[in-house]
1. Might you work out the accessible area of residue 122 for me, using a 1.4 Å probe with all protein chains in place, and round it to the nearest 10 Å²?
2. Using a 1.4 Å probe on the protein heavy atoms only, what accessible surface does residue 54 show? Give it in Å² to the nearest 10.
3. Run the 1.4 Å probe and let me know the accessible area of residue 89, rounded to the nearest 10 Å².
4. Heavy atoms only, 1.4 Å probe, whole protein assembly: order 118, 65 by accessible area, highest first.
5. Tell me the trypsin sites (Lys or Arg not before Pro) within the stretch 33-125 that lie in a loop according to DSSP and have at most 11 other beta-carbon atoms within 10 Å.
6. What net charge is computed for the residues neighbouring residue 48, neighbours being all others with C-beta under 12 Å from the C-beta of residue 48, Lys and Arg scored +1, Asp and Glu -1?
7. Within 11 Å, Cβ to Cβ, of residue 83, how many net charges do the neighbouring residues add up to if Lys/Arg are +1 and Asp/Glu are -1?
Amino acid sequence: MHAAKSEIEMSDVHEHTGPDVGDAHLRLSSHEMTILAETFRLLGDPTRLRILLFCLNVPKAVGDIAESLGLSQTLVSHHLRLLRGARLVRGERQSRQVFYQVADAHVSDMLIDMASHIGEDHSED
């Protein structure tokens, strides 16, 4: 997709969507909001989430992902292509295999935080 920005500069953002939250890095242009929504749509697929969580700590080969998760290599490759396009995973070629892992700390932290969130006791809600 697009080059990563560590923080969105206010001078670079002309059209803002959503409420003014006061933090420059949380204000997104319409285009950035669309990319974020598409990223969450990709994360809405349980198979893709399983792949991401499986690749969270160490790089995994496509065959290992497929075998461990009980999926076909074709299906795993398809999902990895989408996840790579969204910069959620990165692949590193080693000889004849490509090993995939979660792209960076932003992605892994978000996955860990959301997994913790759903595991919290919500009996008081």
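The values are calculated or read from the model by the stated rules, or taken from the named source; none is laboratory data. Keep in mind that what you see is a predicted model, and the values were worked out from it rather than measured. Cβ sites come from the backbone with ideal geometry, for glycine too, and all protein chains shown count toward neighbours. Remember, those area values only see protein heavy atoms, side chains included, never the ligands or the DNA or RNA. Shrake-Rupley method; radii C 1.70, N 1.55, O 1.52, S 1.80 Å.
1. About 80 Å², ignoring ligands and nucleic acids.
2. Rounded to the nearest 10, that gives 50 Å².
3. Using a 1.4 Å probe on the heavy atoms, I get roughly 10 Å².
4. Listed by decreasing accessible area, they come as 118, 65.
5. Values: sites: 41, 48, 50, 60, 81, 84, 87, 90, 93, 96; in loops: 87, 96.
For trypsin sites (Lys or Arg not before Pro) across the stretch 33-125 that sit outside H, G, I, E and B with at most 11 neighbouring Cβ atoms in 10 Å, the list reads 96.
6. Working: positive: 41, 50, 81, 84; negative: 45.
Summing Lys and Arg as +1 and Asp and Glu as -1 gives +3.
7. On the way: positive: 48, 81, 84, 87, 90; negative: 45.
Result for the neighbourhood of residue 83: +4.
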